[in-house]
Every structure is written in structure tokens, then in C-alpha cells.
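The next block holds one structure in the form of C-alpha cells; read it before the comments.
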Amino acid sequence: MTERTRAPGTGGWPPNFPIEPSGGVAEGLVVRSVSGAIEGRTNGSRRRCSSTNCPGWFIGVLWESGQQAYLCSEGWRYDPASRTVRVVDGGEISARFVSPAPLGIEPLPRTEWPARAALAHRKGWRIPPTGPNPSL
């Protein structure tokens, strides 16, 4: 992944991050957990972070575990070359860096994850990912 793409405290948006004419983010971008072991996809939503004094932005992500999360840009980075978002701070799938421990929700056990075929009908997963190595 690239180094931090946004100046801390500016509330700016990461350069080259795909924005739709509606103001939302591109749907279906691949998102990787902190460890890289869990894949998610952007669902198209974007809004200012709701944490007090946080300059970041939330993006909506549907994880392959079936869990929906809103990740703050203070805890993720975007790599325009691979069109991938990586959680770099906070919990495994939460990117919650201002929350007290346990830093957001933990992923469900794999035995409770929905089948990929079921995910294929949900927002974010219904669009095939683009870019190099989308399923790393």
C-alpha cells in the first residue's frame, strides 16, 4: 500500500479515490482487513466521520463475513494503483482508531460467514472488482 495519502487533520479526501457524481464512493472497490486475510467491498456510501473533532470520512464496507461497517479514513489508506483500500489502524475490520478497546467489532467466525454466492447479490459484491490482483 502507499503511505498515508491524506494530510492529518485536514479533513481532505484521499487523492485519486473514485467518487461518483452522486458524491458517494465507487461501489465494489476491494477492501482488505488489517491482516489482509479478510476481504470487503465498498457499498458506495460516504459521509463525514461522526467522532468528535475527527477530520476523517466514513466509507461503507460489506465484509465477506457478512458484517457491514463504516470505516473512518483516519484508519484506512487507498492505493490508486491497485484500486484497493487497506485498513491500517484500529480493529481487524473496523478502522476505529479513536474508540476504546476493543477498537470496534471483531470479525465473525468463518463458520458463520455467508456463501460468496449469497454475497454476490448484495451491494458492493454485485460488481466485479477491477484493478490488478483484486482477490489477493
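Given the convex hull over the Cα atoms of the range 30-119, what projected area results after averaging over all orientations, in nm²? List each step's numbers first, then the result.
Values: hull surface 23.8 nm².
The number I arrive at for the range 30-119 is 5.9 nm².
Taking the Cβ of each residue in Glu106, Glu64 as the centre, tally the other Cβ atoms inside 10 Å and list the residues starting with the fewest. All intermediate terms of the calculation are to be shown ahead of the outcome.
On the way: Glu106 13, Glu64 21.
So the residues, fewest neighbours to most, are Glu106, Glu64.
No value in this document is a laboratory result; all are computed from the given coordinates. Everything numeric here is computed off the predicted structure, so don't read it as measured data. Cβ sites come from the backbone with ideal geometry, for glycine too, and all protein chains shown count toward neighbours.
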